[in-house]
1. Got a number for residues in region 96-125 being of a type in the set (Lys, Arg) and surrounded by 12 or more Cβ atoms within 10 Å (Cβ to Cβ)?
2. Filter region 62-95 for residues that are open to solvent by 50 Å² or more (accessible area, probe 1.4 Å), part of a helix (DSSP H, G or I), in contact with a helix residue (DSSP H, G or I) (Cβ under 8 Å, 6 or more places away or on another chain) and farther than 27 Å from residue 114 by Cβ and give the result.
3. Condition first: of a type in the set (Val, Ile, Thr) and free of Cβ contacts under 8 Å to residues at least 12 places away in the same chain. Now tell me which residues in region 69-119 satisfy that.
4. Is region 126-142 home to any residue that is open to solvent by less than 70 Å² (accessible area, probe 1.4 Å) and in contact (Cβ under 8 Å) with a residue 60 or more places away in the chain?
5. Take residue 13 and decide whether it is free of Cβ contacts under 8 Å to residues at least 40 places away in the same chain and closer than 18 Å to residue 72 by Cα.
6. Quick one: count up the residues across region 96-123 that are farther than 30 Å from residue 192 by Cα, assigned to a loop (DSSP other than H, G, I, E, B) and out of contact with any Lys or Arg (no Cβ under 7 Å at 6 or more places or on another chain).
7. Quick check, is residue 46 open to solvent by less than 60 Å² (accessible area, probe 1.4 Å) and not aromatic (Phe, Trp, Tyr)?
8. Here are some residues: 239, 199. Which one is at pLDDT 70 or above and at negative phi?
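The values are calculated or read from the model by the stated rules, or taken from the named source; none is laboratory data. Bear in mind the structure is a predicted one, so any value in this text is a computation, not a measurement. Here the Cβ positions follow ideal geometry from the backbone for every residue, glycine too, while neighbour counts run over all protein chains shown. Just the protein is used for accessible areas: all its heavy atoms, side chains included, with ligands, DNA and RNA removed. Shrake-Rupley method; radii C 1.70, N 1.55, O 1.52, S 1.80 Å.
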Amino acid sequence: MREIDAKLKAEGVEIPSRPISAVGEVSIRYGDIPIPLGDGAIKMPPALERHRPLAAAIRKWYDDTYGDRIKIDMSAGRIVLLLEGDLYTLRIPRFFGSVNFIVVREWLPKVPIGRGPATCNVVQLVDDMTPAMAKTLSDEALLAIWSAFEIGLPACYTLESTQSELMAIARSDVKVAVSNLMDRSDHFGASKWASLQSAEKVLKAAILLRGRSLQVRARTEAAVRSTCRARRRLRPCPAHRRHPVHAEDPLRRGALHARTGAGSASSLAGTGQPAARRRRRLRARTGRMKVPAGSAVFGVGGRSVQVGVADRSNERAAVFK
């Protein structure tokens with residue numbers, strides 16, 4: 001078995017896939033003998049039944065050698081639900097054929113693969129759920145489990161079955177969101193960000209699958225231009241009513257003013273003009289408003305806004321963009 005496992009390792013076969021590949025290698029090495037896959041209760045033809053112990057021995061060798069690394073998560077996905085004040089993850093199973101999903105407090109025993117529809121208790125799909133805890137679940141908790149399962153089942157299979165690169169990325173983002181949310185380090189911000197990224201990818205994939213193109217940038221620029229036009233139509237208002245200049249402020253002797261579109265803030269301050277003339281020009285540009293000393297004026301009407309402080313003591317201005 002070591003030689004066969006080394007050969008599979010050299011071929012790049014992953015550990016969870018090696019037991020099945022090893023069955024094929026053993027069959028070829030010993031004359032194409034028929035070896036069954038699995039150890040189910042279904043009776044097989046005599047040729048396969050005779051080599052069932054060989055299949056079990058191969059599986060046991062890999063279990064003893066690699067332990068939990070041989071296991072593979074076959075679930076379609078996981079979602080998080082709030083159960084009686086605590087967070088739990090709910091596995092979405094992967095199934096083939098017919099399954100009867102139920103929600104009961106009784107712990108159902110494992111049933112081997114057979115014919116006919118299988119029965120699955122959704123409560124047992126909750127990670128870290130125990131039979132003792134299942135017996136104490138309230139009716140509200142059972143309803144919460146079933147409601148989460150009804151949402152998660154179609155959502156996970158839709159993410160998996162939709163042929164889109166964006167949906168594949170969204171599926172990975174969901175895994176990251178669930179992992180960060182359940183992490184004991186409380187990475188709630190990272191989980192929220194991953195959830196937002198997943199939602200964005202799903203929306204973009206839905207748009208592309210309907211034959212539309214993504215024109216987010218163009219539409220965003222159009223929205224910005226529309227907002228700017230709406231702001232230019234606003235009348236200036238005395239901002240000192242909302243933002244008073246306090247006496248202890250180092251700029252208490254100045255006047256905070258705004259220039260929109262025409263002229264420059266430096267044309268009103270720092271040019272050596274008399275203070276009365278500067279105030280007259282400022283009133284003309286800001287809608288004929290009175291500008292008392294130490295007040296603030298905010299005007300809207302141009303493409304760019306420059307805010308400055310006119311110091312009446314030394315006739316200079318500091319301009320901020």
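1. Total meeting the criteria: 1.
2. Once the filter is applied, which keeps residues that are open to solvent by 50 Å² or more (accessible area, probe 1.4 Å), part of a helix (DSSP H, G or I), in contact with a helix residue (DSSP H, G or I) (Cβ under 8 Å, 6 or more places away or on another chain) and farther than 27 Å from residue 114 by Cβ, region 62-95 yields 65, 69.
3. 111
4. Taking every residue of region 126-142 in turn, none turns out to be open to solvent by less than 70 Å² (accessible area, probe 1.4 Å) and in contact (Cβ under 8 Å) with a residue 60 or more places away in the chain.
5. Here the answer is yes, as residue 13 does meet what is asked.
6. 16
7. No, not satisfied.
8. On inspection, the qualifying residue turns out to be 199.
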